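*Asks:* Sharing a structure with you now.
The values are calculated or read from the model by the stated rules, or taken from the named source; none is laboratory data. Keep in mind the model is a prediction, meaning the values are calculated, not measured. Virtual Cβ from ideal backbone geometry, glycine too; neighbours counted across all protein chains shown.
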Amino acid sequence: MKHDIQHRDDIFLLVSNFYAKVRAHDILGPFFNETIKDWDAHLQRLTTFWETSLFMTRKLEQKYYGNPLEAHVKVDRQFDNSITELHFGLWLNLWYETLDELFSGEVTENAKRRSRKMGTFMYLKIFEARQAN
């Protein structure tokens, strides 16, 4: 029986399994594999991001203070403004699949809701950034 996401170790398991799928994906893989140079550091950063997002009311040893929007706009520019809603849809499907494989519960469902909202927001902001250039 699966348990819910409870702590940083669970989030690291989720993030590691998810990005293993992303890196191997025919369409998503090139964006990530050509951009990320230090995967160990990136997985830790993403674990901190999701831990901060999912457990914002807890006192955490590490909190995320980065700007993921800026990073995604930069990647879109690097790839000639080629990121589309398809990429976000594929990303979201893999995220949900990985969540469902590993966990079940309220925090897991919150991770789905947050990822859907973030994906929509991110794509809209990437589109706006293109218009500003």
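*Asks:* Within the stretch 50-66, identify whether any single residue is in contact with a Gly (Cβ under 9 Å, 6 or more places away or on another chain) and within 21 Å of L124 (Cα to Cα), and answer yes or no.
*Replies:* Among the residues of the stretch 50-66, not one is in contact with a Gly (Cβ under 9 Å, 6 or more places away or on another chain) and within 21 Å of L124 (Cα to Cα), which makes the answer no.
*Asks:* Pull out all pairs, ordered by first then second residue, where Cβ-Cβ is under 9 Å, the residues are six or more apart or on different chains, the first lies in the stretch 82-111 and is without any contact (Cβ under 8 Å) to a residue 24 or more places away in the chain and in a helix (DSSP H, G or I), and the second is among the β-branched types (V, I, T) and buried (at least 19 other Cβ atoms within 10 Å of the Cβ).
*Replies:* Between residues of the stretch 82-111 that are without any contact (Cβ under 8 Å) to a residue 24 or more places away in the chain and in a helix (DSSP H, G or I) and residues that are among the β-branched types (V, I, T) and buried (at least 19 other Cβ atoms within 10 Å of the Cβ), the close pairs are D100/T108.
*Asks:* Ok, one more. Would you please name the residue that is farthest from R77 (Cα to Cα), looking only at residues in the stretch 101-133 that are among the aliphatic types (A, V, I, L, M) and over 17 Å from the mean Cα position of the chain (by Cα)?
*Replies:* Going through the qualifying residues, I end up with A132.
*Asks:* To continue, here is another question. Condition first: buried (at least 16 other Cβ atoms within 10 Å of the Cβ) and of a type outside the set (F, W, Y). Now tell me which residues in the stretch 91-108 satisfy that.
*Replies:* L92, L94, T98, L99, L102, V107, T108
*Asks:* State which residue pairs qualify: first residue more than 17 Å from R77 (Cα to Cα) and of a type in the set (A, V, I, L, M) and inside the stretch 28-46, second residue modelled with pLDDT under 95 and part of a loop (DSSP other than H, G, I, E, B) in any location, beta carbons under 7 Å apart, and separation of 6 or more residues or different chains.
*Replies:* Pairs that qualify, where the first residue is more than 17 Å from R77 (Cα to Cα) and of a type in the set (A, V, I, L, M) and the partner is modelled with pLDDT under 95 and part of a loop (DSSP other than H, G, I, E, B): there are none.
*Asks:* Considering only residues that are among the aromatic types (F, W, Y) and under 18 Å from K112 (Cα atoms), which ones fall in the stretch 4-38?
*Replies:* Of everything in the stretch 4-38, those that are among the aromatic types (F, W, Y) and under 18 Å from K112 (Cα atoms) turn out to be F12, F18, Y19.
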